[in-house]
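Structure first, commentary second.
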Amino acid sequence: MKILVTGGAGFIGSAVVRQAIAQGHQVVNLDALTYAACLDNVKSVSNAPGYAFEQVDIRDRAALDRVFTEHAPDAVMHLAAESHVDRSIDGPGDFIETNITGTYNMLEAARAYWVAQGKPESFRFHHISTDEVFGSLPDDPAVKFTEETPYDPRSPYSASKASSDHLVRAWHETYGLPVVLTNCSNNYGPFHFPEKLIPVVILNALAGKPLPIYGTGANIRDWLYVEDHADALLLVVEKGELGRSYNIGGENERTNLDLVRTLCGILDRLQPKEAGSYADQITFVSDRPGHDARYAIDPSRIREELGWRPSVTVEEGLERTVRWYLDNRDWWQALLDREGVGQRLGKG
């Protein structure tokens, strides 16, 4: 299969690219190379047969049409998006333009190509989204997000992703475009851009800086190892039912405070400080405006229909992640000078 992956130089997109090449697919990696992208993320496969890169912004419809015509993909995996909640609070415009208008452009370019090809039944448009579109859950382990949970986005980021989800469903219902959708929980793992919680904690710990935790640290997230997520996404694009959505979760709920303490314990063991614990650097800071209390995914549908389950616990995944950051200083050191990295954003 030849897959057009948008956002393939980003965190999740690059994991998909690496996994797709490993599975024998051809990949066209389309990325605008914004601040959060890095071609080093796909350096290991950049010379592989069947790999191609296109530096294209999904807001540029003419460029998208050219890419579809020249590369003739069998499927699209649409991951390109602005994704940092704090940045969406400070500058929502980029999120509206990329996540909503960009997705509209992708849908229209894909539809034009699909029609020109005679509407092949094998074509797929896989839209990758987030559990944040569902809003916030109560602190009740029995209550989780399902594919039928009503949308209730609380941030400019989640609202933009909810909008893009609705567009994709509308293009399926109105035009018959063959689509599948997925909504995932919080990802972590190698190549995670150093503005999100886990890499911030690891890198601040190593630098002797405070480990910032919003509010009391009681917010709960379901953590999904990025390579598990990539495996699930490729399974859905190949075998998912058209018009259907699949929630992908790690089955690993943790409070932010517990997560940070776990990271500190791993660092204490792998790279101990001269005195004390990295946990001594934990610092509580003012909460994010509109901070959702809890996310948790019920992954029953993808488990029962497609046979997928996460392969690692959060403890195993965090240890792999910490080891990766310890072994790849050159990768993250080069990103620390990018705009906004290391600064507190999104205070409202």
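The values are calculated or read from the model by the stated rules, or taken from the named source; none is laboratory data. Keep in mind the model is a prediction, meaning the values are calculated, not measured. With ideal geometry, Cβ positions are generated from the backbone for all residues, glycine too; neighbour counts draw on all protein chains shown.
Quick notes on this one:
- When VAL260 is tested against (1) surrounded by fewer than 22 Cβ atoms within 10 Å (Cβ to Cβ); (2) farther than 16 Å from THR130 by Cα; (3) in contact (Cβ under 8 Å) with a residue 24 or more places away in the chain, exactly one condition is not met: (1).
- The condition (being surrounded by 15 or more Cβ atoms within 10 Å (Cβ to Cβ) and under 20 Å from the mean Cα position of the chain (by Cα)) is satisfied by just one residue among ILE282, ILE266, ILE302: ILE302.
- Residues of the stretch 197-219 that are part of a helix (DSSP H, G or I) and not aliphatic (A, V, I, L, M): PRO199, ASN204.
- SER136 being more than 20 Å from GLY7 (Cα to Cα), surrounded by fewer than 19 Cβ atoms within 10 Å (Cβ to Cβ) and in contact with an Asp or Glu (Cβ under 6 Å, 6 or more places away or on another chain): yes
- Exclusive hit being without any contact (Cβ under 8 Å) to a residue 60 or more places away in the chain and either under 30 Å from ARG338 (Cα atoms) or charged (D, E, K, R) (or both), set ALA230, ALA207: ALA207
- Flag for GLY189 being on the phi > 0 side of the Ramachandran plot and either polar (S, T, N, Q) or crowded, with 22+ Cβ neighbours inside 10 Å (or both): yes
- Residues of the stretch 56-84 satisfying the condition of being among the β-branched types (Val, Ile, Thr) and crowded, with 23+ Cβ neighbours inside 10 Å: ILE58, VAL76
- None of ARG329, ARG294, ARG309 is touching a strand residue (DSSP E or B) at 6+ places or on another chain (Cβ under 6 Å) and either surrounded by fewer than 16 Cβ atoms within 10 Å (Cβ to Cβ) or farther than 20 Å from GLU227 by Cα (or both) except ARG294.
- Within the stretch 218-235, the set of residues being at pLDDT 95 or above, of a type outside the set (Ser, Thr, Tyr) and touching a helix residue (DSSP H, G or I) at 6+ places or on another chain (Cβ under 7 Å) comprises TRP223, VAL226, GLU227, HIS229, ALA230, ASP231, ALA232, LEU233, LEU234, LEU235.
- In the stretch 139-154, the residues that are at pLDDT below 95 and either surrounded by 14 or more Cβ atoms within 10 Å (Cβ to Cβ) or touching a Cys at 6+ places or on another chain (Cβ under 6 Å) (or both): ARG154
- Residue tally, condition closer than 29 Å to GLU82 by Cβ and either of a type in the set (A, V, I, L, M, F, W, C) or touching a residue at least 60 places away in the same chain (Cβ under 8 Å) (or both), over the stretch 128-142: 9
- Within the stretch 241-289, restricting attention to residues that are basic (Lys, Arg) and not in a helix (DSSP H, G or I), the residue that is nearest to LEU167 (Cα to Cα) is ARG244.
- Taken over the stretch 70-106, residues that are of a type in the set (S, T, N, Q), in contact with a helix residue (DSSP H, G or I) (Cβ under 7 Å, 6 or more places away or on another chain) and over 30 Å from PRO212 (Cα atoms) amount to 2.
- Residue list for the stretch 1-24, filter: assigned to a loop (DSSP other than H, G, I, E, B) and either touching a helix residue (DSSP H, G or I) at 6+ places or on another chain (Cβ under 6 Å) or without any contact (Cβ under 8 Å) to a residue 60 or more places away in the chain (or both): GLY7, GLY8, ALA9, GLY24
- 3 or more residues under 24 Å from PRO73 (Cβ atoms): qualifying strands (runs of 3 or more DSSP E) within the stretch 97-196: 124-130, 179-184
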